Amino acid sequence: MLKFTCCDAVQQFSRSGQAQILRGITRGYERECLRVDSAGKLAATPHPVELGSKLTHPWITTDYSEALLEFITPPSQDPEFPLAFLRDIHRFSAQHLHGEYMWAGSMPCVVGQDKDIPIADYGSSNAARFKYVYREGLGLRYGRQMQTIAGAHYNWSLPEDFWAALKDCCSASQPDHEFVSERYFGLIRNFQRYGWLIPYLFGASPAICQSFLQGRKSDLLELVPGTLYGPYATSLRMSDLGYQNRAQANLRVGVNSLTEYTQALEAAIRTPDPFYAELGVRDGPHWKQLNANLLQIENEFYAGMRPKRIGKLGERPAKALQRYGVEYVEMRLFDLNPFIDIGIAPEQSTFADVLLLMCLFRDSPPITSREQSENDENRRRVVNRGRQPGLQLLAHNREQPFRPLAHELFDDMQPFAEMLDAAYGGKRYSSTLQGLRGRIDQPDSTPSAQVLAGAREQGGFFSYALQLSQQHLNELLAQPLDEVSNAKFVTSVQTSLLEQQQLEAKDQGTFENFVTSYYD
């Protein structure tokens, strides 16, 4: 039976009057995508200057590679805004790609040799150099190719009025920021338990180009020459081939409390690693990585969900969390949807709202090492063979059939869909939940199955993804921005370039002191 952290609170927020507080939920998206040339190869050109400074532009930047675009939507309490603004970013950017395309899938294709993947160059300031050296360190530690994998991150937070009402309903006595952080960490633990629903429902990377393996062995099968696939895979992006890098398997960053989490990150950025030390930090004046510790900075830690806090005084992530508590969570499990020109379907955020709300309200005991292993194994099974008939997951040390477990979670989420429907009016959340539930018993209706079908029909993953990329660019170019919106983006580009120039004109001091002050 479903248990809640505070049963009275669930009933209270289910009432239409109290549910209105949920209209204050704040959301935002970060979408990554590779630029490729007309032949589908990784673009060798610099970031288009018409898109502004990737160091200072608030919405258009790059992630690891010079060719890996990242689009960021401002936080908004309007549930329609993030995707609408993201579409505007795409429409503006599409005008300035000079014959290149935005790769439709999460998994890259023809990227060439690891050493040929260009690291993003942010300029000559110390802040820009810091970002570059960090990325060079990532390439040194894990390989550059892994860093070209793209996805979408969903940022999500609840309003202050919600926390005040929940604290009052649950008769909690601790300070506000401690109460909020405690509840967010409960949400994160439950997301680790049930987040496997995301790659099953929305995973769209069941196949890769053979070139991606660079000669490495795998258990994947040949779909057609040049394309490897998992017959029942949902998200190879989240498998050991993708961002779940085994190099961090021994990092123990627990989420049973804010203190446990931040202390583990602080220890990781200060604990030397013999292998990284052997690689070296500096070669004369050239910096190869920021340090030789387990993590260079906190963001190097890969996780399906992160607690986040924007520092008020420019603090590092762990320090900001320690001082002020959790501000929002960043959910990082979404593959790019290659069938959609902006890479994200509307039902993804709708479903995520419901799942995250359930994870928040549901009882969330501490995760033991045994349960952590169980959670990790369930994720591995779903991303590698989630559509396999008869698939079983682990629940309390016992094998349980996947489909009944998934249906049970949908039953548990229904009250929260109704809660959100009461807040916003209509039946959007309940209808979305009902539609997505059908994918449990019809695995061929999932994006991962549809990607395989398309790749098979079009002669391989590369041909199919390139065709979709070309189609999406044409669709975006056919939707030009109105004059006011276009002028807003042009102004943002000019402002960002000026801000970078002003930053580089300031007295920088030495880079070594800059790095030292970051850790101090």
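Before moving on, here are some points about what is shown:
- Taken over segment 184-232, residues that are hydrophobic (A, V, I, L, M, F, W, C) and more than 21 Å from Ala352 (Cα to Cα) amount to 10.
- Residues of segment 58-70 that are within 23 Å of Leu83 (Cα to Cα) and open to solvent by 10 Å² or more (accessible area, probe 1.4 Å): Pro58, Trp59, Thr61, Asp63, Glu70.
- Residues located in segment 21-47, provided they are open to solvent by less than 20 Å² (accessible area, probe 1.4 Å) and either in a helix (DSSP H, G or I) or out of contact with any strand residue (DSSP E or B) (no Cβ under 9 Å at 6 or more places or on another chain) (or both): Leu22, Gly24
- Residues in segment 320-350 that are charged (D, E, K, R) and not in a loop (DSSP other than H, G, I, E, B) were compared, and the one that is farthest from His177 (Cα to Cα) is Glu347.
- Within this structure, Gly230 fails the test of being modelled with pLDDT of 95 or more and more than 22 Å from Gln450 (Cα to Cα).
- On inspection, Ser76 does not qualify as buried (at least 23 other Cβ atoms within 10 Å of the Cβ) and of a type in the set (S, T, N, Q).
- Filter result for the condition that a residue is open to solvent by less than 50 Å² (accessible area, probe 1.4 Å), among the aliphatic types (A, V, I, L, M) and farther than 30 Å from His396 by Cβ, over Leu241, Leu223: Leu223
- Residues of segment 462-520 that are of a type in the set (Val, Ile, Thr) and under 30 Å from Ser106 (Cα atoms): Val490, Val493.
- Residue in segment 405-432 that is modelled with the highest pLDDT, counting only those that are open to solvent by 20 Å² or more (accessible area, probe 1.4 Å) and of a type in the set (A, V, I, L, M): Leu405
- Residue satisfying all of: in segment 111-149; within 25 Å of Gly509 (Cβ to Cβ) and without any contact (Cβ under 8 Å) to a residue 60 or more places away in the chain; surrounded by the most Cβ atoms within 10 Å (Cβ to Cβ) among these: Ile119
- Leading residue by the ranking (nearest to Asp219 (Cα to Cα)) among those in segment 365-404 that are of a type in the set (Gly, Ala, Ser) and surrounded by fewer than 19 Cβ atoms within 10 Å (Cβ to Cβ): Gly390
- Test: residue in segment 465-488 that is within 27 Å of Asp37 (Cβ to Cβ), in contact with a strand residue (DSSP E or B) (Cβ under 6 Å, 6 or more places away or on another chain) and hydrophobic (A, V, I, L, M, F, W, C): yes
- Here Glu315 does not qualify as without any contact (Cβ under 8 Å) to a residue 40 or more places away in the chain, more than 20 Å from the chain's Cα centre (by Cα) and within 20 Å of Tyr200 (Cα to Cα).
- The residue that is nearest to the chain's Cα centre (by Cα), among those in segment 2-26 that are among the β-branched types (Val, Ile, Thr) and either under 24 Å from Phe81 (Cβ atoms) or at pLDDT below 65 (or both), is Thr26.
- Residue list for segment 310-336, filter: in contact with a Pro (Cβ under 8 Å, 6 or more places away or on another chain) and buried (at least 22 other Cβ atoms within 10 Å of the Cβ): Leu321, Val326, Val329, Leu333, Asp335
- For segment 485-520, the set of residues classified as part of a helix (DSSP H, G or I), within 30 Å of Leu290 (Cα to Cα) and among the small types (Gly, Ala, Ser) consists of Ser496, Ala505, Ser517, listed by residue number.
- Just so you know, in segment 468-484 the residues that are among the aliphatic types (A, V, I, L, M) and assigned to a helix (DSSP H, G or I) include one that is most open to solvent (accessible area, probe 1.4 Å), and it is Val484.
- Whenever a residue of segment 340-353 is under 15 Å from Ile198 (Cβ atoms) and open to solvent by 20 Å² or more (accessible area, probe 1.4 Å), its partners that are among the polar types (S, T, N, Q) and outside any loop (DSSP other than H, G, I, E, B), lying with C-beta atoms within less than 8 angstrom and at least six residues away or across chains, give the pairs Glu347/Thr432.
- Only one entry of Ser463, Ser448, Ser469 meets the criterion of being hydroxyl-bearing (Ser, Thr, Tyr), under 30 Å from Ile198 (Cβ atoms) and free of Cβ contacts under 8 Å to residues at least 24 places away in the same chain, and that entry is Ser463.
- Any hit, segment 169-186, residues being under 18 Å from the mean Cα position of the chain (by Cα) and either at positive phi or not charged (D, E, K, R) (or both): yes
- Ser463 open to solvent by less than 60 Å² (accessible area, probe 1.4 Å), over 25 Å from Gly52 (Cα atoms) and among the polar types (S, T, N, Q): yes
The values are calculated or read from the model by the stated rules, or taken from the named source; none is laboratory data. Note that the structure is predicted; figures quoted are calculated from it, not measured. Ideal geometry is used to build each Cβ from the backbone, glycine not excepted, and the neighbour counts take in all protein chains shown. Areas reflect the complete protein model, heavy atoms only, side chains present, ligands, DNA and RNA absent. Shrake-Rupley method; radii C 1.70, N 1.55, O 1.52, S 1.80 Å.
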